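Written below as structure tokens is the structure these notes are about.
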Amino acid sequence: MRNRRLMGLFLILVLALSVVSVVRARNEKISVWIGWSQLLPVYQEAATDFEAKTGKKVEVLAFPLREFERKLAVSLPAGNAPDIFVTSEYIIPQYIEAGYVSLPPKDISKFISKSFDPNTLKINTINGKIYGVPQIGIARILYWNKDLFAKAGLNGPPKNWDELVEYAKKLTVFDKNGEPVRTGISLRKFGGGSGVTEKFQILLASAGGDILKQNSDGKWRAAYNDEAGRATLQLYIDLIHKYKADSFDTKQDSEAFALGHTAMFIREFWPIPYFKENAPDLKYDTALIPGKIKGKSGTVYSTESAFVPKSSKNAKTAWEFVMFFNQDKYVKKMFEEIGWPAPRIDMDFSDIFAREPAYAVANERPAGYKYSTYPPLTAADEIWTKFGERLEAAFRQASLVDNPAGIKKVLDDAAQETNDILRENGLY
Amino acid sequence: MPNTPTNIKSKYKIKGLERRKFRFAMVILIPTVILYLVLRIIPILGTFYLSLHNWNLIKLHRPFIGLQNFVKIVKDKFFRIALVNTTVFTVFVVLISVTLALLLALALKKKSKIGSFYEFAYFLPFVIPMVPVSIIWKWMYDRTYGIINFVLTSLGLKAVGWLTDPDVALYSIIVMSIWKVLGYYMVLFLVGLRNIPDQYYEAAAVDGAVGWQVFKNITFPLLKRMTLYISVIATIQAFNVFTQVYVMTTGTQGAPAAAVRVLVYEIYQNGFRYFKMGYASAQVVVLFAIVMFISLLQFKFFRTEDY
């Protein structure tokens, strides 16, 4: 009798604990931080679906990129970080080195290694391990205005730098004072240091160069003060000052392209949905970046991955949501509606390419086309930003036209600063 | 009064009452003092402490490095550019805005309906937050679509790259910043002017003083306290310029940020972009020293007998 009572009490206790744990699981709430507000609608949709399926709440917060990076820098060391955060391969190494980031479970590691392209895996490998699930992999591409090209008697995008310069000259329209009112190309010349370097890096890659190189001893040094770097800066100076095919005073970038104020510019994929919404009549296409020499080129490629910090109290649910988000539905939506492609090799995007041919270039990677990436270094952002500020100043100098010595000096001085930053961080 | 036992007793009674009042005042002040210590004094001391360390926000090892951060500042080209730009900004904004504000206040001193309208109109920009104001001015300064260039080109003049020309960009921001603070300083001057008793002016009138003599011998001396206050806050605000520079000079359509680099932007970059909190703190200490030095100079210049 007594044993039966005890058994009954035990069963009630087990039942009560089970109910409590089920209720707790259903009330579980995780937080996701992203630094790109464009991604918010897709993440929120996934969060709503996830809650409907599991009963677990997901709070998604998007911040302006710099504010996001700042919040991360403060919250990760303090142990107040969100359960998931999405960031770049050049931001994460410092947090991994400091021991704030957890490794994914084995099944997710397997998914990563078989689902993403080798280039993405390579740049996300730190100390032999991959810590995050890649969400986005973006190569920079050339946009060209079909109508303006046709009016100038040009049939297609430039295939090499000679054509790029020639086409840009032909496409530029001047006013009566000889100032360009429509530019042949809108290069990134100012506005936020690291972005200026990144755009320079694209043409540098297309000339076979890179911002940094790693020695056999694992140390790094500036690499842009070589022949490719000098040729790239020369290209900028010629287009801006010698041929006036680009200008500081006209509209710039995607906005200029949407308004027909420039015939070419270089960007990621996000302008495609931007044009669809803001300039639906714009007739344009995309192309790979033309190389310095025909048949040999390259571009910048960068990724964003989802990470779970060690401080997360709901790591299991966090990884569960990361995998939930990696379903075709959200990945394709992120690509087609926001212009952020996922570097997945296990998915078929042909339906998207059929609906929006401008995306098709994402699938092209001919032989000899090089991907330049951000090195996984803590000092990368400072190097990119400070070099960008030097480039901004150099782009203004008309005295650099036909002045190889001046161009060499600009790059050598900048390289010295880059090497000093590397040295300061024990990387040189 | 002789020290009779009764008098001594009442004296101590009063003292006891004062002591109780003193204790009461102390108790009331404690929360405020604690808040002031926590929010002001400790962070300032913390900044001094950080400035002596190689303090990276993310890294766990943060060694003491003495004055190395300050030595680095001396050699830092970007800091020098920022210091020059900020000084130019401060000199122009403080001198022009304080002078114009005083002139406007003198013009609007007498209360009238139209005067109240002008007071409101001049004060309005001050109450609008800096970010929307900066965005509005960024559009006005736009080389292609901006209203300023529209007027210039309509008059047959050449369009100017207000925010894209590095030689002009800083001055464009100076103009906008003067416009923003002018009304506030004007209102402060008006308060000062209206507090000057009329009998001084009446006495001056009896002595035959007019115009400049009245201003020089009565108005300006009696406004010294207010002028000191306005000059000090204007200098502190100008040296801390950041928001308008950040909003108007970053982004693909903006000006080159390096051309209008200012000290707080530089500190922000080092602290929150590169996470070098130790170095950024050293820059803050230098900024603190500069502002303190200039404020002390202003106190000396505007000192009156009652200080």
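The values are calculated or read from the model by the stated rules, or taken from the named source; none is laboratory data. Not measured: the values here are computed from a predicted model. Cβ atoms come from the backbone with ideal geometry, glycine included; neighbour counts cover every protein chain shown.
Structure above, values below:
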read-out: Candidates B:242, B:220, filtered to the one that is modelled with pLDDT under 95, surrounded by fewer than 18 Cβ atoms within 10 Å (Cβ to Cβ) and within 14 Å of another protein chain (Cβ to nearest Cβ); value: B:242
read-out: Residue check, residue A:205 touching a residue at least 60 places away in the same chain (Cβ under 8 Å) and more than 14 Å from chain B (Cβ to nearest Cβ); value: yes
read-out: Residue A:213 free of Cβ contacts under 8 Å to residues at least 60 places away in the same chain, within 14 Å of chain B (Cβ to nearest Cβ) and not in a helix (DSSP H, G or I); value: no
read-out: Criterion violated by residue A:295 - all others in (1) more than 14 Å from chain B (Cβ to nearest Cβ); (2) out of contact with any Phe, Trp or Tyr (no Cβ under 9 Å at 6 or more places or on another chain); (3) more than 27 Å from residue A:231 (Cα to Cα) satisfied; value: (3)
read-out: Members of segment B:74-120 found to be among the hydrophobic types (A, V, I, L, M, F, W, C), without any contact (Cβ under 8 Å) to a residue 40 or more places away in the chain and closer than 18 Å to residue B:180 by Cβ, listed by number; value: B:91, B:95, B:103, B:120
read-out: Residues that are surrounded by fewer than 19 Cβ atoms within 10 Å (Cβ to Cβ) and not in a helix (DSSP H, G or I), drawn from segment A:101-129; value: A:102, A:103, A:105, A:117, A:125, A:126, A:127, A:128, A:129
read-out: Pick from segment A:70-100, criterion of a type in the set (Ser, Thr, Tyr) and either in a loop (DSSP other than H, G, I, E, B) or outside the structural domain of residue A:313 (by TED's automatic domain parsing) (or both), ranking: surrounded by the most Cβ atoms within 10 Å (Cβ to Cβ); value: A:90
read-out: Search result, residues across segment A:297-319 that are outside any strand (DSSP E or B) and buried (at least 20 other Cβ atoms within 10 Å of the Cβ); value: A:308, A:312, A:317, A:318, A:319
read-out: Residue among A:380, A:362 that alone is crowded, with 19+ Cβ neighbours inside 10 Å, among the aliphatic types (A, V, I, L, M) and within 14 Å of another protein chain (Cβ to nearest Cβ); value: A:380
read-out: Of residues in segment B:68-122 being touching a Leu at 6+ places or on another chain (Cβ under 7 Å) and among the β-branched types (Val, Ile, Thr), the one farthest from residue B:211 (Cα to Cα); value: B:86
read-out: Flag if residue B:163 is within 12 Å of another protein chain (Cβ to nearest Cβ), over 21 Å from residue B:183 (Cβ atoms) and surrounded by 11 or more Cβ atoms within 10 Å (Cβ to Cβ); value: yes
read-out: One residue from A:108, A:84, A:123, A:96 being touching a residue at least 60 places away in the same chain (Cβ under 8 Å), aliphatic (A, V, I, L, M) and out of contact with any helix residue (DSSP H, G or I) (no Cβ under 8 Å at 6 or more places or on another chain); value: A:123
read-out: Options A:73, A:152; residue that is modelled with pLDDT under 90 and of a type in the set (Gly, Ala, Ser); value: A:73
read-out: Which listed residue is within 14 Å of chain B (Cβ to nearest Cβ) and not charged (D, E, K, R), from A:280, A:309; value: A:309
read-out: Identity of the residue in segment B:73-87, under 21 Å from the mean Cα position of the chain (by Cα) and β-branched (Val, Ile, Thr), that ends up surrounded by the fewest Cβ atoms within 10 Å (Cβ to Cβ); value: B:84
read-out: Any hit, segment B:76-92, residues being closer than 29 Å to residue A:378 by Cβ, within 14 Å of another protein chain (Cβ to nearest Cβ) and assigned to a loop (DSSP other than H, G, I, E, B); value: yes
read-out: Out of B:136, B:147, sole residue that is in contact with a helix residue (DSSP H, G or I) (Cβ under 7 Å, 6 or more places away or on another chain), more than 14 Å from chain A (Cβ to nearest Cβ) and under 30 Å from residue A:191 (Cα atoms); value: B:147
read-out: Any hit, segment B:290-300, residues being of a type in the set (Gly, Ala, Ser) and within 16 Å of residue B:80 (Cα to Cα); value: no
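Residues checked against (1) more than 24 Å from the chain's Cα centre (by Cα); (2) β-branched (Val, Ile, Thr):
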{"residue": "A:241", "(1), (2)": "yes, no"}
{"residue": "A:256", "(1), (2)": "no, no"}
{"residue": "A:264", "(1), (2)": "no, no"}
{"residue": "A:273", "(1), (2)": "no, no"}
{"residue": "A:287", "(1), (2)": "no, no"}
{"residue": "A:293", "(1), (2)": "yes, yes"}
{"residue": "A:305", "(1), (2)": "no, no"}
{"residue": "A:309", "(1), (2)": "no, no"}
